[in-house]
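One structure below.
Please treat every number below as a calculation from the coordinates, not as lab data. Everything numeric in this text was worked out from a predicted model, so none of it was measured. Because the Cβ atoms are built from the backbone with ideal geometry, glycine has one as well, and the counts that use them run over all protein chains shown.
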Amino acid sequence: MQTQMPVDSLGVPRFVGVPTFMRLPYVRDVGDADVAVFGMPSDCGGPYRTGARFGPNAIRAQSIMLRPINPYQGNVNVFERLRVVDAGDSPVVPGYLLRSMDHIERTTARLAEAGAVPLGLGGDHSVSLPELRALARVHGPLALVHFDAHTDTWDSYFDGERYSAGTPFRRAVEEGLVVPERSIQIGMRGSLFRESDISQSLELGYQVVTTDEAIALGPDGLGQRVRERVAGQRVFFSFDLDVVDPASAPGVQTPEAGGPTAREILSMIRALTGFEIVGADVVETNPLYDGPGQVTALLAATVAAEVLALIALRR
Ligand code: MN
Ligand code: MN
């Protein structure tokens, strides 16, 4: 396959053409791509504000603003290091969470088995469990690096249902998909259902860094903390937009006041060098609640581009 380069926005205006992620080629067969961006338009796992099914295409529409060189990472040109494609969306069955999860698992497996790093655009956070099921079959159990205002390690919701946006990272431990002792959850804050909402993650073996602790550590301290925790294990990187302050990212399912600004969260992500990401997702972008200028979708696209840069630095 040829090196996959995005459409050059110095030559073709951004508003011309079909908006794929960062104006990359849209392919069904990912060939020998290094990274395959794909959508997971499923939101029937969301306990509160649904609409993240519209997230992938909202992120794509804002991503056409992004340029190939990342000045925060030594001017790395992501697309000279990596062949990146937009592999389209996973099929889903609206209203049928388990069937949608099966589709997402099959789509993730197809991309990972082809040798690509799947970079998924959500969708509510229930999508991470089928991604991890597929990735653990290819790579073995993974270290989880998880940004979120919430731990998403509850046991069940609503009359004992075990699958939802609030439970994927408990199921992932139970199913042996992640190594909790090598995993870290970052950004937790806000009011609790029970006192155990944080300690339930610690009991599963995760490390938890609250929003206040992450701000106090600063980007460099946080990067060091994550590198020490991951310790050479291959990583699944999962980013829930609700980790960001609702002023910077209003378009989410479950907003929590008092989070990092867009600038603060991007600085944190840029510090996460020095480990191998074999799968990633950027989830919980809900354009139905986004602000003027689609700030949440723009930030989600930027986070995904920063993840691409982290992957490019390792090649
Ligand atoms: Mn979440
Ligand atoms: Mn959350």
- Item | Sole exception among (1) within 16 Å of ligand 2 (Cβ to nearest atom); (2) assigned to a helix (DSSP H, G or I); (3) among the β-branched types (Val, Ile, Thr) for residue 311, by number | (1)
- Item | Test result for residue 296, farther than 18 Å from residue 215 by Cα, among the hydroxyl-bearing types (Ser, Thr, Tyr) and within 16 Å of ligand 2 (Cβ to nearest atom) | yes
- Message: Looking only at the stretch 280-298, count every residue that is free of Cβ contacts under 8 Å to residues at least 12 places away in the same chain and touching a Ser or Thr at 6+ places or on another chain (Cβ under 7 Å) and tell me the total.
- Response: 0
- Task: Take residue 201 and decide whether it is of a type in the set (S, T, N, Q) and either assigned to a helix (DSSP H, G or I) or surrounded by fewer than 24 Cβ atoms within 10 Å (Cβ to Cβ) (or both).
- Result: yes
- Item | Lone unmet requirement of (1) β-branched (Val, Ile, Thr); (2) in a helix (DSSP H, G or I); (3) free of Cβ contacts under 8 Å to residues at least 40 places away in the same chain for residue 215 | (3)
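In this structure, does residue 176 turn out to be more than 19 Å from the chain's Cα centre (by Cα) and either more than 16 Å from ligand 1 (Cβ to nearest atom) or not basic (Lys, Arg) (or both)?
Yes, satisfied.
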- Query: Within the stretch 147-184, how many residues are more than 28 Å from residue 260 (Cα to Cα) and either within 12 Å of ligand 2 (Cβ to nearest atom) or among the polar types (S, T, N, Q) (or both)?
  - Reply: 1
- Among the candidates 199, 267, residue that is among the small types (Gly, Ala, Ser), touching a residue at least 24 places away in the same chain (Cβ under 8 Å) and on the phi < 0 side of the Ramachandran plot: 267
- Message: Is it the case, given these coordinates, that residue 187 is under 16 Å from the mean Cα position of the chain (by Cα), on the phi > 0 side of the Ramachandran plot, within 16 Å of ligand 2 (Cβ to nearest atom) and not polar (S, T, N, Q)?
- Response: yes
- Task: State all residues of the stretch 111-137 that are over 24 Å from residue 300 (Cα atoms) and surrounded by 18 or more Cβ atoms within 10 Å (Cβ to Cβ); if no residue qualifies, say none.
- Result: 136
- Task: Those residues that are within 15 Å of residue 129 (Cβ to Cβ) and within 16 Å of the chain's Cα centre (by Cα), I need them from the stretch 82-100; list them, please.
- Result: 90
- Message: Step by step: first the residues of the stretch 224-256, then only those that are of a type in the set (S, T, N, Q) and more than 12 Å from ligand 2 (Cβ to nearest atom), then the one that is nearest to residue 136 (Cα to Cα). Which residue is that?
- Response: 233
- Message: Would you confirm, using the coordinates I've provided, whether residue 198 is within 15 Å of ligand 1 (Cβ to nearest atom), under 20 Å from residue 243 (Cβ atoms) and in contact with a Lys or Arg (Cβ under 9 Å, 6 or more places away or on another chain)?
- Response: no
- Task: State the number of residues belonging to the stretch 144-161 that are free of Cβ contacts under 8 Å to residues at least 12 places away in the same chain and loosely packed, with under 13 Cβ neighbours inside 10 Å.
- Result: 2
- The listed residue being closer than 21 Å to residue 52 by Cβ, away from ligand 2 (no atom under 15 Å from the Cβ) and touching a strand residue (DSSP E or B) at 6+ places or on another chain (Cβ under 6 Å), out of 119, 144, 98: 119
- Spot the failing condition for residue 240; the list is (1) closer than 27 Å to residue 54 by Cβ; (2) more than 13 Å from ligand 1 (Cβ to nearest atom), and only one is missed. (2)
- Item | Residues located in the stretch 250-268, provided they are in contact with a strand residue (DSSP E or B) (Cβ under 8 Å, 6 or more places away or on another chain) and more than 14 Å from ligand 1 (Cβ to nearest atom) | 260, 265, 268
